[in-house]
Amino acid sequence: MTQEKQGGTGAAESSINTELGRLVASAQDAMTDDMVTRLSSTVSDGLELLDRVNRSGVSDALPTIAAMVKNGDLERVADIARLIGSAEDSMSDDIVKRLSETAVGGLDLLDRVNRSGILRALPAITQLVENGDLDRLISLARLVAAIEDSMSDDVVSRLALVATELASLVDKLARTEGFLRLIDILGREHVQCALDDMAEATCAAKAEAAQLPPSKGGLVGLWQMGKDPDTQDALRFMALVSKHLRKLPKS
């Protein structure tokens, strides 16, 4: 039995070897020189690629690539790459030129801003924005611009004439010593208080005089007015004013 089994096994192996030999012979007969060249080139390129992959260390990046594939980041990177490619395809020479000019202008503006020292003014500008003064300045600038737009040549000429006359008047007043003394006197606090009291008294007297009946005239009326204590106080006050005026040095 053992010899029969060994004989059967040897026959099977011999049959398999025969079939493999026929298969190899058929493959050798079917393969042309061009196919052999292409297969050898493919095998050589594959081995070279495998060698490059092994030397590049891309195997260390396989866990990261696997994680990107798992959470979808790889698809997002591919979409970004497609977007950039589409943008590159749609950008013409004119667009590229305009973008480059914009970038150059932006860098030049940034350089000018840095050299102008405007950074030191940023706190003040921030404060103007916070308290609303910047809006007021803008409104004032708009008002000035509107005035400039509405001013005709005739209005400009008249304003220039008024400014010239005012400058001449100021020059004359500045060269007048009496006017300077008057300004000095008016600058005193007690003089200002006296003028204020006089203005209020004049207004009160005007209101009271409007309510009084007309005077009858004659010596009787004058006598009755002279007996009034207020009239006597007023006459005495005027007498004191006249007395002090006489004491002033005559110019």
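Computed quantities for the displayed model
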item	result
Potential extension, A201-R112 segment - 0.36 nm per residue separation minus Cα distance	25.5 nm
Estimated 222 nm signal from helices in the chain, with DSSP H stretches of n ≥ 4 weighted -39500 (n - 2.57), rounded to 500	-29500 deg cm²/dmol
Per residue convex hull volume, Cα atoms of the range 22-168, in Å³	360 Å³
Longest site-free stretch - the chain; sites: trypsin sites (Lys or Arg not before Pro), DSSP loop, at most 15 other Cβ within 10 Å	1-174
Tail fraction, Cα-Cα pairs, the chain, threshold 29 Å, whole percent	80 percent
Highest-fluctuation residue, T176, T164, T231 considered, GNM on the chain with Cα pairs under 10 Å	T231
Unit charges at the beta carbon, dipole of the chain: most positive-side option, G226, N131, L173	G226
From phi via Karplus (6.51, -1.76, 1.60), per-residue ³J(HN,Hα) for the range 141-158 in Hz, x at Gly/Pro	5, 5, 4, 5, 5, 5, 5, 4, 5, 7, 7, 8, 5, 5, 5, 4, 4, 5
Fraction of accessible area attributable to carbon and sulfur, the range 75-159 (%, probe 1.4 Å)	61 percent
Per-residue ³J(HN,Hα) for the range 110-124, Karplus 6.51 cos²θ - 1.76 cosθ + 1.60, θ = phi - 60°, Hz, x for Gly and Pro	4, 5, 5, 4, 5, 7, 7, x, 5, 4, 5, 8, 4, x, 5
Spin-label model distance (nm) - T231 vs D135, 7 Å beyond Cα toward Cβ	6.4 nm
Estimated dipole of the range 93-164 in Debye, rounded to 20 [Cβ of Lys and Arg +1, of Asp and Glu -1, Cα centre]	280 debye
Simple label model, 7 Å out from Cα along Cβ direction - S150 to E177, nm	4.7 nm
In order through the range 81-88: 3J(HN,Hα) via Karplus (6.51 cos²θ - 1.76 cosθ + 1.60), integer Hz, x for Gly, Pro	4, 5, 4, 5, x, 5, 4, 5
Candidates A146, A234, A121: whichever shows maximal mean-square fluctuation once the chain is modelled as a Gaussian network with Cα springs under 10 Å	A234
Fluctuation leader among L39, L166, L110 - the chain, Gaussian network, Cα springs under 10 angstrom	L39
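The values are calculated or read from the model by the stated rules, or taken from the named source; none is laboratory data. As the structure is a prediction and not an experimental result, all values here were calculated from the model. Because the Cβ atoms are built from the backbone with ideal geometry, glycine has one as well, and the counts that use them run over all protein chains shown. Note: areas computed on protein heavy atoms with side chains; ligands, DNA, RNA excluded. Shrake-Rupley method; radii C 1.70, N 1.55, O 1.52, S 1.80 Å.
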